[in-house]
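Everything below concerns the one structure shown next.
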């Protein structure tokens, strides 16, 4: 059931966020632009642990890293308590290009200390998993427990190490 829900959310991101026709070269350029910025944050990610999300989000903004979408997840399986969000930086077309070419795409998984309140879950669903200013405000005071950077070892890398 949970995997169906996650698949539906990701499909929503893919369908709703689609824009102009893009190419493999566009994806590679996107990846090579955003990933070095993400890598510059990874060594100091622990400084954000115990801090409100707004501080981490400001760091992303200061480095010109823009969020496009998100999905939520549980910290422990099986559970109905959501503590994790996965943040995406590219639109549906770019994710589709990456998938078709077996490319990695960058994601940040953030685990929050406390459960994500139901009104935030509702807001995510109402916005079709698209990142927006109301979500920024809703997440701003949630305290970060852990941050994982995924897909930043090279778009063609077989190294799936999470940083």
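Please treat every number below as a calculation from the coordinates, not as lab data. Owing to the predicted nature of the structure, the values given are computational and were not obtained by experimental measurement. Because the Cβ atoms are built from the backbone with ideal geometry, glycine has one as well, and the counts that use them run over all protein chains shown.
The table below lists the values:
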item	result
At 0.890 mPa s and 25 °C, Stokes diffusion of the range 2-150 via Kirkwood alpha-carbon radius, µm² per second	155
For the chain, built as a Gaussian network whose Cα springs stay under 10 Å, the top-fluctuating residue of 100, 75, 39	100
Projected label distance in nm at residue 163 and residue 127, using a 7 Å step from Cα toward the beta-carbon	2.7
Centroid-to-centroid separation of the range 27-52 and the range 112-145 [C-alpha atoms, Å]	20
